[in-house]
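Written out below as structure tokens is the structure these notes cover.
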There are 2 protein chains.
Amino acid sequence: MDIVQTTLARINPVSPELLAQAQARLDNKTKPPGSLGRLEEFARRVVAISGSVQPDLSKKVIFTFAGDHGIVEEGVSLYPKEVTAQMVFNFLRGGAGVNVLARHSGAEVRVVDVGVDHDFEGCAGLIHRKVARGTQNFATGPAMTREETLAALKVGIDLADQCKSEGVGLVGTGEMGIANTSPSSAMIAAISGLTVRELTHRGTGINDAALENKIRVIEQGLALNRPDPADPLDVLTKVGGLEIAAIAGLVLGCAANSIPVVIDGFISTAGALIASELHPNVRDYIFVAHQSVEIGHRFMLERIGARPILDLDFRLGEGTGAALAMGLIDAGVKVLKEMATFDEAGVSR
Amino acid sequence: MDIVQTTLARINPVSPELLAQAQARLDNKTKPPGSLGRLEEFARRVVAISGSVQPDLSKKVIFTFAGDHGIVEEGVSLYPKEVTAQMVFNFLRGGAGVNVLARHSGAEVRVVDVGVDHDFEGCAGLIHRKVARGTQNFATGPAMTREETLAALKVGIDLADQCKSEGVGLVGTGEMGIANTSPSSAMIAAISGLTVRELTHRGTGINDAALENKIRVIEQGLALNRPDPADPLDVLTKVGGLEIAAIAGLVLGCAANSIPVVIDGFISTAGALIASELHPNVRDYIFVAHQSVEIGHRFMLERIGARPILDLDFRLGEGTGAALAMGLIDAGVKVLKEMATFDEAGVSR
């Protein structure tokens, strides 16, 4: 068995008994039953996923995976490829959006080079797991080899295993990779059968002409590579990306290790989609942080069957949405752990 | 001039120059312009409201106003009236939902007795501003006298003035009052002209028969009292409540003192609605925390012209939604204050 098969074999359904037990505890708290809505959902799901009736979310980690994309040659992004590496340095110095919002939520940001076209040798603070210096241009051939895909998946799985041994209670996903909305749109098009036009948007803010070009390039890549919709790893290999594969691996690894995982925006959800296509129980371990402005996002969420936690018109990625949603999940667990019961407070039912 | 007229005269429009200046600073941060969506809106609005380009949100306060309602006699709530006072003690001990979520967001909860039918004499930690021991039953006569309404409004205005002198950067509203969805539905019905049936929901969770009774009772109260939709204080007096009037006063006071104010759920929004009917610029100072499950809430928000920050299926009140939304507004201001610029980070535009 390869690393993916081994990991899939470790994924179990979450316990319905623990879900019911957590809800019963919530119903004893001084409030009308169910009146804290989704916070109660977060609390009971974290209990069921972690297997603990007193979940410990004191350690929260966001992984921001960075990778470059050959498709950038086709003029699909507003920014030059060099920005991927420049932003990695920004993350390491703590000045990016994800750093600010992770600090706000009490989460640590770990930056992973899984495929940046830059030599980071000796760079402190970075997790060095480079699989390749970016993908190939999927408009002219497959983005990756199957071996590269598996290697990138393994990066995510390894990091999830490490989180388990460190006692991390909640994991978030994030990414940085100039041009990576293009592979994400291509992946959901390949899997859903919907048209590229329905699923493709402006990324960091391209104009109408550039959007038309982006749609044409993605259509060309899909026609050329013909990814097999029944084989999620084939889709990931042919039109995906290294950081997207690492996210898929992280999500699988979290499910295998009973760690709740918060999915950031459009690109992260493309990774989570691959994971949930590989094993139906994966979706029980996922929280979707927010509704992205990217139009393809809601089709991914329908496919996964998840309702986003926030809707703040974000389109940045990095893990920014995950950071805020992790704070709300934390709040839900605090309701379970800290609120008084009717008996404790002497309140009539 | 009475206290309301004096306060209205202190309310100014927010500065469009400061809004633009804050957005220009946000556009220099290392992210595509506008890509942090509503967090950027929160940041620029807090700058414009507070008049400071470096807003200080380190002091955040939620006011939970408690009051009883004569309409409870009509069987409109699932809970007995005694729960209002019991919950006040729960707030003071820190065991209620609002306490847990305010701690999570770094906000202080201040509990104000503006109209509970209980003698709290000597009770430490409570802000003693009782105007009356609850309202009268508005199904059989006016809920309050005009003098009581003005006295309760003054409680909120005074507390906002005190926040200004303490340097509080962000204020949240909250309330506790068994049966207080009934006056809230009555108020939006009186102001909007929509039917009571369209605006009335299950509160803490009443069944179908109790809902029919609640609708009938509110209709009876409106027919009997005939509040004048063109006179917001008449609506508040005849079918409102003491804690709702205090919230209206707090919102007016925050606007008069240039303090951003976060409105909690259905009942708090009824208070904010009165304030925004009294002065059109009030809405520039308001953040609406969340979309309540109560069906009348969206009509109030349409009338105010505000988009809620969160949608977590809350129907608890107390200030629980405000607590979480205050955390997100804080996050927006941190984006403005802490993110690196393109120049600082050496990132290409």
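Read the figures in this text as sums done on the coordinates, not as results from a lab. Since the structure is predicted, the reported quantities are computational estimates derived from the model, not experimental observations. All Cβ positions, glycine included, derive from the backbone under ideal geometry; neighbour counts span all protein chains shown.
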In the structure displayed, which of A:Lys29/B:Lys154; A:Lys60/B:Lys81; A:Lys60/A:Lys130 lie more than 30 Å apart, Cα to Cα? A:Lys29/B:Lys154; A:Lys60/B:Lys81
If each label sits 7 angstrom from Cα along the C-beta direction, how far apart, in nm, is B:Pro80 from its counterparts in the other copies? 7.5
Quick one: if you stick a label point 7 Å off each Cα along the C-beta vector at B:Arg307 and A:Arg298, how many nm between them? 1.4 nm
Computed magnitude of the charge dipole of the protein assembly as shown (debye, nearest 20; Cβ of K, R +1, Cβ of D, E -1): 200 debye
Estimated FRET transfer efficiency when R0 is 22 angstrom, pair A:Thr6-A:Asn281 (beta carbons, to 0.05): 0.90
For B:Gly305, place a label point 7 Å out from Cα along the Cα→Cβ vector, do the same in each other copy, and report the separations in nm, one decimal, smallest first. 4.4
What is the spin-label model distance, in nm, from B:Asn207 to A:Thr341 if the labels are put 7 Å beyond Cα along the C-beta direction? 2.6 nm
Given a cut-off of under 8 Å on Cα pairs at least six residues apart, what relative contact order in percent is computed for chain B? 25 percent
Cα centroid separation - region A:170-241 against region B:213-231, whole Å: 56 Å
Please report the antiparallel percentage of DSSP beta bridges with both residues in chain B, rounded to the nearest 5. 5 percent
Got the A:Gln21 label distances to the other copies yet, label 7 Å along Cα→Cβ, in nm, shortest first? 5.7
Cβ-based net charge around A:Thr140, under 13 Å, with every Lys or Arg adding one and every Asp or Glu removing one: -1
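Consider all pairwise Cα distances in region B:144-228 and report the whole-number % of them above 16 Å. Before the final figure, lay out the partial values.
On the way: 2282 of 3570 pairs.
When every Cα pair of region B:144-228 is considered, 64 percent fall beyond 16 Å.
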Over all distinct Cα pairs, what is the inverse of the mean 1/r for the protein assembly as shown, reported as the Kirkwood hydrodynamic radius in Å? 26.2 Å
Expressed as a whole-number percentage, the relative contact order of region A:115-227 with C-alpha contacts under 8 angstrom and at least six residues apart is 27 percent
Just for the Cα atoms in region B:60-328, what are the lengths along the principal axes, largest first, rounded to whole Å? 45, 39, 36
How do B:Asp264, B:Asp343 line up, fewest other C-beta atoms within 10 Å first? B:Asp343, B:Asp264
With +1 on the Cβ of every Lys and Arg and -1 on the Cβ of every Asp and Glu, the dipole magnitude of chain B about its Cα centre, in debye rounded to the nearest 20, is 720 debye
Separation of region A:104-166 and region A:284-348 by C-alpha centroid, Å? 26 Å
Chain A: DSSP helices with Cα axial extent of at least 15 Å and average Kyte-Doolittle hydropathy no lower than -0.5: A:16-27, A:37-50, A:82-93, A:146-166, A:181-192, A:208-225, A:242-256, A:266-278, A:320-338
Restricting to aspartates and glutamates and to Cα separations under 12 Å from A:Lys214, and discarding same-chain partners fewer than 8 apart, the set is A:Glu73, A:Glu74
